[in-house]
Structure formats: C-alpha cells, structure tokens
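What follows is a set of notes on a single structure, which appears directly below.
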Amino acid sequence: MVVTGLALAAAAGFTARGLWPGTARQAAVAADVPVSVATVIRTDVSARQVVAGTLGYQGAYSVVNEAPPGIITWLPGIGDVVRRGQPLCQLSGQPVTLFYGAVPAWRAFEPGMTTGPDVRELQRNLAVLGYDAGPADGTFGWSTEAAVDRWQQSRGLLVTGTIPLGAVTFLPGSLRVTTVGVPLGAPAATGATMLSGTSGIAAVTVSLAVGGPAVQRGDPVLVTMPDGTAAIRGVVASVGRVATVQNAASGAAGTTGAPSAAVPVTISIGAFRIPAGLDQAPVQVAITQQRDRNVLAAPVTALLALPGGGYAVRVSGPGHQLIPVTTGVFDDATGLVEVSGPGLAAGLTVEVAQG
C-alpha cells in the first residue's frame, strides 16, 4: 500500500467524525460534520511523487552573424516570436531571414554548388512559403534559382537568384527572443551573437535527483500551475543522459551540504500557452510511481477509521451501512483511493466528509 499526504487529510476527517481508533463504535452512526455523497467508480488510480519544476520554453538557440561585419539597423523586441520567412534582425539594412531546419547555413546558395542537406532545407522552406523550388533533392538547379528570384522579388530584395552566407539562418523552429546580443546601431562582427532565445513551445524542466523517482520518455505527468489550482497533463519529452552535480543548499551556521547529482528532464505540456509574467515560474510536477488499472476507487474523504483498526465507507441512504474496505493506492492528484471489499461495486453512493 502506498500512503501519501492524502492519508493525513483523511485522518483529520476521521477524528472529526468520531471514528478514530479508540472511540466508541456507536459514534460511527452519527456524523459530527456535514456530509455529502459520492459514487464509487471503476478507474485507474496512480501513486505519484511530487517534485519541483520550472515553467518555461523548450530549447536554447543563438543567431550568429555569418556575414561580413555590419551595423545592426533593426531588432525584434524581447518576447517577440519570429517565425519562418520573417526577419530575425537587419544588418546594414539587409534582413537576416529565419528558415526552419536542423543543419546550420554554412555556405552561400548559388548555381553550381554541390548537393547537400542545406540546399534541401532551402528548397523545403521556399516551397512552404509558396515559392515552388521543384523536388527537394538538395541540388541547386534552375528551379531552385527561379524560386529564389521570386522570393527576393516579393521581399523587395535585390534579385540575384543567389543567397549570400548570413542572409538566412536555419533554426529548428520559431524563435522566442529572450536576449539581444548586439544593441541597435552597434557594429556586429562576423561570429557575433546578435540574438538569443528559445522555441515558442511551452515546457517544464525538472532536475531529478539520482536515485529519486525514475522516468522515461513518454511517461505521463501532472503539472500544477503556480496558483496551486490548475493542473494540466504533460508528457516526459526527454531525459538527460548525463547527471550534473548541484551544490546542496546552505544549512545552519552557513555550512553547505554535500553536492548532489541530478538528471535534467524536459516535460512537454502540449499547446498550453504560458500566461504573461509566469515564464520561469515554479510549478509542481507529479510523477507516477505506481498505477493500478481498472480498480474500484472512492474519495479519500469517504474513508472512516474503525475502532478495531482498518477502514470502512458508509453507504448513503437508510441504515447508513458500514462496509469494511481494504485500501490500495492513494492518488494525491485526484483525491481518490483504491478500495476493495465485499459489497463494494461501481455506482455505489457513499458519504463523504465536508470541511
């Protein structure tokens, strides 16, 4: 049996209702606190361990000047999201355009260049933006050159059919700007970091102590937002392969505990949009450690402690029948507890302590 913080809440209810071991059994008949009713259901019940996490965005990316030195003539604002085909900044009046791709730009795009994955990325981006470059075969042929011409013309750029190194930057996806490396009007040398940011995909990061709760990619979790009320479902997106050493918090008399090793974990939270002001806010992550499937469950506040030991639930309605139960997994996130015993069935209504 896994007992968690819910057991403490149940204990308070037991005492209030006069049913804690050692009291008279007759007290089980009369409730001292208001009650309502709930239904015994058949469901999956999970025991979870809660750890601290940080709300933020996936990934960390930098935009480096690959062109000759120039002056920064335009920059996006902090928090702006730059998407495919949009300018990341302007260098000496010329835009540096964001394209999506895993391979960084490392050479100019021009006829006669060797076939490569960078050309394939260019072709795919032009096609998505509406400039058909023919098959994405990685070869810079006449159809790709014509597509570049049309793209340049639509952007008001000098139409050359070629793209110099530094005019486009490939990143895995959109960039949410967090830092400006070179201020507006300042010179940017070749190799200088002009912008830094993250993806626009919300995520939660957790550092799990080695030897603590174990997770793997695809595991479901529950994330409780900073207000403590809203819980959203998440999925473990990645688990670090290398543990990092973290210093323990300082204790009494300014002493520092022994360093501890932790593994970084990233949790995807789908299309959730982070409210303004909550980037990098602390959250609570409930990690499933045990799951019992297709079992009977009742609210933990329906449990009554019997004088001779053990637990029971009280059926609502005439007679207020007590049914002894055996408890299994306590689920902190849902407030349910796994129960079993003769006379229990899905749909049975039982009394639940209030307050």
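Considering only Ser154, Leu171, Ala108, and ranking their Cα positions along the charge dipole of segment 66-197 that arises from unit charges at the beta-carbon of Lys, Arg, Asp and Glu, the one farthest toward the positive end is Leu171. The calculated FRET efficiency for Glu145 paired with Gln90, based on their beta-carbon distance and R0 = 25 Å, is about 0.50. Result for the chain in a Gaussian network model with C-alpha springs under 10 Å: among Ala302, Ala276, Ala237, the largest mean-square fluctuation is at Ala276. Of Arg155, Arg84, Arg124, which is the most mobile in a GNM of the chain whose springs link Cα atoms less than 10 angstrom apart? Result for the chain, Cα springs under 10 Å: Arg155 fluctuates most. Considering only Thr139, Thr288, Thr198, the Gaussian network model of the chain with Cα springs below 10 Å gives its largest mean-square fluctuation to Thr139.
FRET efficiency for the pair Trp106 and Asp132, taken as 1/(1 + (r/R0)^6) with r the Cβ-Cβ distance and R0 = 30 Å, rounds to 0.75.
Against the chain, whose longest principal axis comes from its Cα atoms, helix 117-128 is set at around 80 degrees.
Once the Cβ-Cβ distance of Ser260 and Thr43 is raised to the sixth power relative to R0 = 35 Å, the FRET efficiency obtained is 0.45. Compared with the alpha-carbon gap, the fully stretched path from Gln280 to Arg233 is longer by 15.1 nm at 0.36 nm per residue.
Could you tell me the distance between the Cα centroids of segment 136-169 and segment 291-318, to the nearest Å? Here the answer is 70 Å between Cα centres. Compactness of segment 66-197 is given as radius of gyration and Dmax, 14.4, 41 Å, from Cα positions. With the simple model of a label 7 Å out from the Cα in the direction of the Cβ, Arg273 to Gln354 spans 3.7 nm. Relative to the longest principal axis of the Cα atoms of the chain, the long axis of helix 5-16 makes an angle of roughly 30 degrees. Helix 142-155 and the long axis of the chain differ in direction by around 80°, with both axes built from C-alpha atoms.
Subtracting the Cα-Cα distance of Met113 and Ile78 from their residue separation scaled by 0.36 nm leaves 8.9 nm. Each Lys and Arg adds +1 at its Cβ and each Asp and Glu adds -1 at its Cβ; summed about the Cα centre, segment 66-197 shows a dipole of about 300 debye.
The Cα atoms of the chain define a convex hull whose projected area, averaged across directions, is 26.5 nm².
How far is the Cα center of segment 82-111 from the Cα center of segment 213-246, in Å? Cα centroid to Cα centroid, the span is 34 Å.
For segment 63-117, the square roots a ≥ b ≥ c of the C-alpha gyration tensor eigenvalues yield an a/c of 1.5 or more together with a/b not exceeding b/c, which makes the shape oblate.
Since every read-out is calculated from the coordinates, none of them should be taken as a lab result. On a predicted model such as this, the values are computed, not experimentally measured, just so you know. All Cβ positions, even for glycine, are placed from backbone atoms using ideal geometry, and neighbour counts span all protein chains on display.
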